[in-house]
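The values are calculated or read from the model by the stated rules, or taken from the named source; none is laboratory data. The structure presented is a predicted model; accordingly, all values stated were derived computationally and were not measured. Cβ: placed from backbone, ideal geometry, glycine included. Neighbour counts: every protein chain shown. We work out accessible area using only protein heavy atoms, side chains counted, and drop any ligands, DNA or RNA first. Shrake-Rupley method; radii C 1.70, N 1.55, O 1.52, S 1.80 Å.
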Amino acid sequence: MNVDDTVEAIKSMEIRGAGRIARAGAEAIGGMAASGKWDGIGAMRKDVLSAKEKIIGSRPTAVSLLNGVQFTLKGFDECKDVGEAKALLIGNSEAFVRASNEAVSIIGKIGSRRIKDGAVIMTHCNSSAALECIKEAHRSGKRIKVYATESRPWRQGIITVNELAKEGIDVTLIIDSAVRSVMKRVDIVMVGADTITSNGAVINKIGTSQLALAANESHVPFVVCGETYKISPQTLFGDTVTIEERDTGEIVRDGEIPGTVKVFNPVFDSTPARYIDGIVTEVGIVSPGSVYEIMIRQFGEQIFN
């Protein structure tokens, strides 16, 4: 897809999930470089930077999208001509997509080791990383059962249960408000992440924090699965994560309630680090308190420039 199609697909939720939108953003920049024609590097730089702002603006909460695009643009400012810039952006885009897919596979292998034979797992929304851990546990011969939340209003849980059922996994779909009632049957909660902050808090699909609270109450381990490119260096310097709000039409139909009634439809919420037992990344399982160290290791001193 071109840049405009990608932006629209992300906004309309046709492309969803932090990893998927990050790869889509990188691919859009790479595709633009491959197909575009410019008279000089100045014109190309102007168009590419405009595309960058459009793509990042399509999902402001997910730092994965920002980091995916930034990775693709790394070195772009130093390019001297269009040919050099095209090759750089195409190569960076392909490298990011490859590394992103490999990260999910590695996370699956690491996270599956936290799942015991006979475990009952709860998951929320539709996280590629979390589901890969569950699938890998099943492939290794472990007998597991999964409870998946419906994840209103977009019902991403429908995608999740279809994925797991296709693998032959025993899975039950539950309504979001049943989380606390079902938690007493659960051995471990595994969810994804849209953004991981410098202090180890996790921004994820609305309702994630209620799973964390219910898990904490029931002494059930709450594990986050996420690639390191979901860590936000910006939060180290005091920037807060913008919680995206979506159209009220996702919640109520026209004329269904009086116009004086307000509707609040946030897409994400924040789960404090104190409720998170571990974060499974492609570099290993880390504690929320270790996120800063991982951030420095992954992004280096450049984040201070």
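Residue under question is residue 46, and the condition is that it be buried (at least 18 other Cβ atoms within 10 Å of the Cβ) and assigned to a helix (DSSP H, G or I); does it hold?
The answer is no for residue 46.
What single numbered condition from (1) open to solvent by 10 Å² or more (accessible area, probe 1.4 Å); (2) touching a residue at least 60 places away in the same chain (Cβ under 8 Å); (3) of a type in the set (Asp, Glu) fails to hold for residue 227?
(1)
Kindly evaluate residue 235 against the criterion of being closer than 29 Å to residue 292 by Cβ, among the polar types (S, T, N, Q) and either free of Cβ contacts under 8 Å to residues at least 12 places away in the same chain or in a strand (DSSP E or B) (or both).
It is false that residue 235 is closer than 29 Å to residue 292 by Cβ, among the polar types (S, T, N, Q) and either free of Cβ contacts under 8 Å to residues at least 12 places away in the same chain or in a strand (DSSP E or B) (or both).
In the set 59, 16, 23, 113, which member is touching a Leu at 6+ places or on another chain (Cβ under 6 Å) and either at pLDDT 95 or above or within 30 Å of residue 133 (Cα to Cα) (or both)?
None of the other options fit; the residue is 59.
May I ask you to say which residue of 72, 61 is among the hydroxyl-bearing types (Ser, Thr, Tyr) and in contact with a helix residue (DSSP H, G or I) (Cβ under 8 Å, 6 or more places away or on another chain)?
72
Can you find, within region 154-174, the residue that is nearest to the chain's Cα centre (by Cα) among those that are closer than 18 Å to residue 139 by Cβ and touching a residue at least 24 places away in the same chain (Cβ under 8 Å)?
The qualifying residue nearest to the chain's Cα centre (by Cα) is 160.
Can you tell me which residue is most open to solvent (accessible area, probe 1.4 Å) among those in region 67-83 that are in contact (Cβ under 8 Å) with a residue 40 or more places away in the chain and assigned to a helix (DSSP H, G or I)?
Here the residue is 71.
Consider only pairs whose beta carbons are under 6 Å apart and that are at least six residues apart or on different chains; among these, list those whose first residue lies in region 6-28 and is without any contact (Cβ under 8 Å) to a residue 60 or more places away in the chain and closer than 20 Å to residue 231 by Cβ and whose second residue is of a type in the set (Gly, Ala, Ser) and assigned to a helix (DSSP H, G or I).
Filtered contacts from region 6-28: 25/68.
Mind checking which residues of region 137-157 are over 22 Å from residue 10 (Cβ atoms) and either surrounded by fewer than 20 Cβ atoms within 10 Å (Cβ to Cβ) or touching a Lys or Arg at 6+ places or on another chain (Cβ under 6 Å) (or both)?
Answer for region 137-157, where residues must be over 22 Å from residue 10 (Cβ atoms) and either surrounded by fewer than 20 Cβ atoms within 10 Å (Cβ to Cβ) or touching a Lys or Arg at 6+ places or on another chain (Cβ under 6 Å) (or both): 138, 139, 140, 141, 142, 143, 145.
Can you say whether residue 172 is hydroxyl-bearing (Ser, Thr, Tyr) and within 22 Å of residue 117 (Cβ to Cβ), as far as the supplied structure shows?
For residue 172, the condition - hydroxyl-bearing (Ser, Thr, Tyr) and within 22 Å of residue 117 (Cβ to Cβ) - is met.
Residue 26: open to solvent by 10 Å² or more (accessible area, probe 1.4 Å) and among the small types (Gly, Ala, Ser), yes or no?
So residue 26 does not fit the description; no.
Here is a check on your reading of the model: is residue 192 touching a residue at least 12 places away in the same chain (Cβ under 8 Å), open to solvent by less than 10 Å² (accessible area, probe 1.4 Å) and more than 22 Å from residue 103 (Cα to Cα)?
So residue 192 fails the test.
Go through region 126-136 residue by residue and tally those that are open to solvent by 30 Å² or more (accessible area, probe 1.4 Å) and within 10 Å of residue 104 (Cβ to Cβ).
Total satisfying the criteria: 2.
Go through region 276-293 residue by residue and tally those that are assigned to a helix (DSSP H, G or I) and surrounded by fewer than 18 Cβ atoms within 10 Å (Cβ to Cβ).
Matching residues across region 276-293 total 4.
Can you go through 109, 142 and tell me which one is more than 21 Å from residue 231 (Cβ to Cβ) and of a type outside the set (A, V, I, L, M)?
It is 142.
I need every pair where a residue in region 101-128 that is closer than 14 Å to residue 139 by Cα has its Cβ under 8 Å from the Cβ of a residue that is among the hydroxyl-bearing types (Ser, Thr, Tyr) and in a loop (DSSP other than H, G, I, E, B), sequence separation at least 6 or different chains.
Close Cβ pairs satisfying both conditions: 112/140.
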